[in-house]
Structures are given as structure tokens and as C-alpha cells.
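Have a look at the structure below before the remarks.
The values are calculated or read from the model by the stated rules, or taken from the named source; none is laboratory data. Quantities reported herein were computed from a predicted structural model and do not represent experimental measurements. In this analysis, Cβ positions are derived from the backbone assuming ideal geometry, glycine residues included, and neighbour counts consider all displayed protein chains. Only protein heavy atoms, including side chains, enter the accessible area calculation; ligands, DNA and RNA are left aside. Shrake-Rupley method; radii C 1.70, N 1.55, O 1.52, S 1.80 Å.
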Amino acid sequence: MKYALVIFETDASRAQIRADRDLYRKAYETWIGETAAAGKLVGGDALDTGRRGATTVRKAENGVATVGEGPVHGGEETLGGWFVLEVTDHAEAVELACSFPTSEALELRPLLESA
């Protein structure tokens, strides 16, 4: 089964990046390499959170779209990216998330498998 491991940057993780970007990147790359070598990493992407903030589009029932600058949900945590994991069950997804090496907030969601 597949799970999305959604990564939210936090004040703590942003401070970690500023303190030592190379060490932070190495920790990330090591986790990615080990997870891929174990056959558990399907893919993923990082968002460019430094250049431009999020733009939110909300569509009303009447079809009218409202466009605003900023994330859907405000606050300290910012969507930073995601990985798609191939795991045997929810417990394995949690185990992989717990092994994530940096201080982001992580959310696990099962992916809807196509028929």
C-alpha cells in the first residue's frame, strides 16, 4: 500500500537549515537513500518555499474563484514537500516517518489506490 508522507517546515526546521544547511541536506539525503535502497520510496518532491509564497484559490458553489496570497491554513507550519512510500501497512509508514532525520512536522495519509 502507498502512503503520502507530507512534510511541513516549522520554525525549528527553518532554524536548523539556517544553522547548517549542508548537515541538514546530508541528513535528508541519507534518509532518502536508505529508504530508496529498502524499496520503500516511490517518489517525492520538495516545494520551493524560499522564492515565492503560496497562492490560494477557493472556488464557491456558484463557480466564482477567489484568489489570495498565502497558504490555505496560516500558522507556523508551511507545506514543504512530500514523499510517496510503498509499505506493507500503516505501522510501517509510521516507523518510516519516525525515522525521518530532521525536525519537520510530518503527516501520513494513505493514498487512494486506482482500480
Please state which one of ALA36, ALA54 is more than 18 Å from GLU104 (Cα to Cα) and touching a Gly at 6+ places or on another chain (Cβ under 9 Å).
ALA54
Can you pull out the residues in the range 104-115 that are surrounded by 15 or more Cβ atoms within 10 Å (Cβ to Cβ) and either part of a loop (DSSP other than H, G, I, E, B) or of a type in the set (Lys, Arg) (or both)?
GLU104
Going by what's in this entry, would ALA93 be described as surrounded by 15 or more Cβ atoms within 10 Å (Cβ to Cβ), in contact with a Pro (Cβ under 9 Å, 6 or more places away or on another chain) and of a type outside the set (Lys, Arg)?
yes
Return yes or no: is VAL72 open to solvent by 70 Å² or more (accessible area, probe 1.4 Å), under 16 Å from the mean Cα position of the chain (by Cα), closer than 17 Å to TYR3 by Cα and of a type in the set (Val, Ile, Thr)?
no
Return the residue satisfying two criteria in turn: it lies in the range 37-54 and is within 27 Å of TYR3 (Cβ to Cβ) and not small (Gly, Ala, Ser), and of such residues it is modelled with the lowest pLDDT.
THR49
Matching entry among VAL57, VAL87 (being of a type outside the set (S, T, N, Q), more than 14 Å from the chain's Cα centre (by Cα) and open to solvent by 50 Å² or more (accessible area, probe 1.4 Å)):
VAL57
Just to check your reading of the model, which residue among THR88, THR56 is in contact with a Pro (Cβ under 7 Å, 6 or more places away or on another chain), outside any helix (DSSP H, G or I) and farther than 17 Å from GLN16 by Cβ?
THR56
Output for the range 9-38, where each listed residue is in contact with a strand residue (DSSP E or B) (Cβ under 7 Å, 6 or more places away or on another chain) and surrounded by fewer than 17 Cβ atoms within 10 Å (Cβ to Cβ)
ILE32
